[in-house]
Amino acid sequence: MKDRRHRMAKRPMLAAVMLAALAATPALAAGRGDGRDWNRGGDTLTGAVGLHYGAIGGTGLSFRMPLQWYLYAQASGGIWHSGDDQRHNLGLQLHYLLRQDSHLRLFTSVGTGFYYHRQRVGEPALDAFEAKTDWNYGAGIGVEVLQGPRWAWLAELDFVHQERTGNTTVAPQLGVHYYW
């Protein structure tokens, strides 16, 4: 009976060791050529299309293009119309690579974003609209992680100055891109 309890006590430990080894397998494979590498020769993963959300980088469809191997330009924007509410935005950014390894890019960014919001006020029959515009300027730091052979996500933390309110705040920006 004592021997049986001893064997049963070993099973959870064996299961935990097997789960840990199984969980480490993708991490080990990632370092051995799973196709995820910013620095691979012949396929430099230069241009990209994706989605971006941010105060200076724009919100909506995003395009990234290299100016040099260490300098990327990004343009993002979108148009949302729903009845009496119209919103437009366009953001332009430059990303300067500080560090790049096989799966991670550390960069600093600078950019500007233009936001336009037009909304009906009062009765629909009056056809009266109120329009607000806002220019945002800012700079910050971010990381971009190569998630698959061509997919990457990025996260930034930027100091953003909003022209309309005069406030300067820290704001996050997020994006996901497909590289060709």
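Looking only at the range 147-164, how many residues end up being over 30 Å from residue 42 (Cα atoms) and in contact (Cβ under 8 Å) with a residue 40 or more places away in the chain? Write out each step before concluding.
Filtering the range 147-164 down to residues over 30 Å from residue 42 (Cα atoms) leaves 157-164.
Going one step further and asking which of them are in contact (Cβ under 8 Å) with a residue 40 or more places away in the chain, we end up with 158, 160, 162.
Residues flagged as over 30 Å from residue 42 (Cα atoms) and in contact (Cβ under 8 Å) with a residue 40 or more places away in the chain within the range 147-164 amount to 3.
Just to check your reading of the model, which residue among 87, 150 is closer than 17 Å to residue 179 by Cβ and not aliphatic (A, V, I, L, M)? Outline the logic, then answer.
On the way: 87 fails: closer than 17 Å to residue 179 by Cβ.
150 is the lone residue from the list that is closer than 17 Å to residue 179 by Cβ and not aliphatic (A, V, I, L, M).
Can you work out which of the residues in the range 108-166 that are aromatic (Phe, Trp, Tyr) and under 17 Å from residue 77 (Cβ atoms) is surrounded by the most Cβ atoms within 10 Å (Cβ to Cβ)? Even if it seems obvious, please write down each step before you answer.
Restricting attention to the range 108-166, the residues satisfying the condition of being aromatic (Phe, Trp, Tyr) are 114-116, 129, 135, 137, 151, 153, 159.
With under 17 Å from residue 77 (Cβ atoms) added as a condition, the list becomes 114-116, 135, 137.
Working: 114: 16, 115: 21, 116: 14, 135: 13, 137: 17.
So the residue we want is 115.
Read-outs throughout are calculated quantities, based only on the coordinates presented, and are distinct from any laboratory measurement. Computed from a predicted structure; not experimentally measured. Cβ atoms come from the backbone with ideal geometry, glycine included; neighbour counts cover every protein chain shown.
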